[in-house]
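Peer 1: The following block contains the structure, expressed as structure tokens.
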Amino acid sequence: MHLQQAISDVIQVGKRMYNRGYVASNDGNISVRLSEDRLLITMSGVSKGFLTPEQLVIVDYDGQAISGTQKPSSEMKMHLMAYRERPDIHGVAHAHPPTSTGFSVAGIDLPKNLLPEVIVSLGNIPTAPYGTPGTMELVESLREYVCTNDAILLENHGALTLGSDVISAYHKMETMEHLAQIALVARLLGKENTINNDNVEKLIQLYPRS
């Protein structure tokens with residue numbers, strides 16, 4: 001991917017995540033696959049709502065910085081694993097969307113088969129077991145889920161979304177949080193009316209995910 005476009009996309013996604021309240025302070029991290037051996041990632045300890053090009057770092061797949069003197073995100077290992085496991089993805093976003101994260105903190109899975117748009121675009125959204133942020137423990141807790149899912153809740157630690165580009169990864173975060181908000185309202189109202197299996201199959205046949 002062209003570097004200047006990647007920089008622009010990451011900055012735009014950072015602003016969207018911050019403005020929607022998906023991250024607070026210096027939370028979250030965003031990356032783009034630039035090539036087979038390079039990725040662009042946000043540096044550690046900066047607000048995603050006020051990113052500048054100087055706060056993005058190019059690293060190789062061993063995690064070594066190629067450009068600049070800034071320290072890459074402490075969650076870089078998680079991003080690197082996702083790109084290694086999923087050659088089809090070119091963007092990764094990690095944030096703490098409040099309602100989705102609330103489900104993970106409560107130990108409650110996001111409901112299946114609630115909204116057609118979610119079934120078509122995301123399918124099931126699993127919750128990966130807790131792993132200490134920035135460690136291989138977190139990476140390994142996520143690995144099996146990354147291989148088969150584009151949106152994953154992290155127990156007590158927000159969410160990870162993967163996309164064909166970083167804008168797509170962000171949109172999946174937005175879709176997941178929208179589902180969580182609607183699910184919470186439905187539970188407060190006392191009922192979740194899920195879509196039955198026959199209608200789920202119809203949706204999948206009409207709108208297969210690429």
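Peer 1: For the chain, report the accessible area per residue in Å² (1.4 Å probe, heavy atoms, rounded to an integer).
Peer 2: Per residue, the chain has 48 Å² of solvent-accessible surface.
Peer 1: Which residue, chosen from Q4, H171, V185, occupies the Cα position most advanced towards the positive end of the dipole of the chain, where the dipole is computed from +1 (Lys, Arg) and -1 (Asp, Glu) charges on Cβ about the Cα centre?
Peer 2: Towards the positive end, the residue furthest out is V185.
Peer 1: Hey, can you rank 133-143, 158-168 by average C-beta count inside 10 Å, highest first?
Peer 2: Result, highest mean Cβ count within 10 Å first: 158-168, 133-143.
Peer 1: Name the residue from L154, G21, T101 whose Cα lies farthest towards the positive end of the charge dipole of the chain, charges +1 on Cβ of Lys and Arg and -1 on Cβ of Asp and Glu.
Peer 2: G21
Peer 1: Quote the charge dipole size of the chain about the Cα centre in Debye, to the nearest 20; the model charges only the Cβ of Lys and Arg (+1) and of Asp and Glu (-1).
Peer 2: Computed about the Cα centre, the dipole is about 420 debye.
Peer 1: Between the alpha-carbon centers of the range 175-209 and the range 1-21, tell me the distance in whole angstrom.
Peer 2: Here the two parts' Cα centres lie 29 Å apart.
Peer 1: May I pose another question? Taking the Cα centre of the range 127-210 as origin, sum charge times position over the Cβ atoms of Lys and Arg (+1) and Asp and Glu (-1), and report the length of that vector in debye to the nearest 20.
Peer 2: In total the dipole reaches around 240 debye.
Peer 1: Please list D9, D37 in order of solvent-accessible area, largest first, computed with a 1.4 Å probe with all protein chains present.
Peer 2: Result, largest first: D37, D9.
Peer 1: Now, a different point. Tell me, what % of the accessible area of the chain is carbon and sulfur with a 1.4 angstrom probe?
Peer 2: Answer for the chain: carbon and sulfur cover 51 percent of the accessible area.
Peer 1: Moving on. Per-residue ellipticity at 222 nm for the chain, helices alone: DSSP H runs ≥ 4 residues times -39500 (n - 2.57), over residue total, nearest 500 deg cm²/dmol? Kindly include the intermediate steps, with their values, before the conclusion.
Peer 2: Numbers: 7 runs with 87 residues, N = 210.
Using -39500 (n - 2.57) per qualifying helix, the result is -13000 deg cm²/dmol.
The values are calculated or read from the model by the stated rules, or taken from the named source; none is laboratory data. Since we're looking at a predicted model, the values are computed, not measured. Quick reminder, even Gly has a Cβ in these numbers, built from the backbone with ideal geometry, and neighbours come from all protein chains shown. Keep in mind that these areas ignore ligands, DNA and RNA; they rest on the heavy atoms of the full protein, side chains included. Shrake-Rupley method; radii C 1.70, N 1.55, O 1.52, S 1.80 Å.
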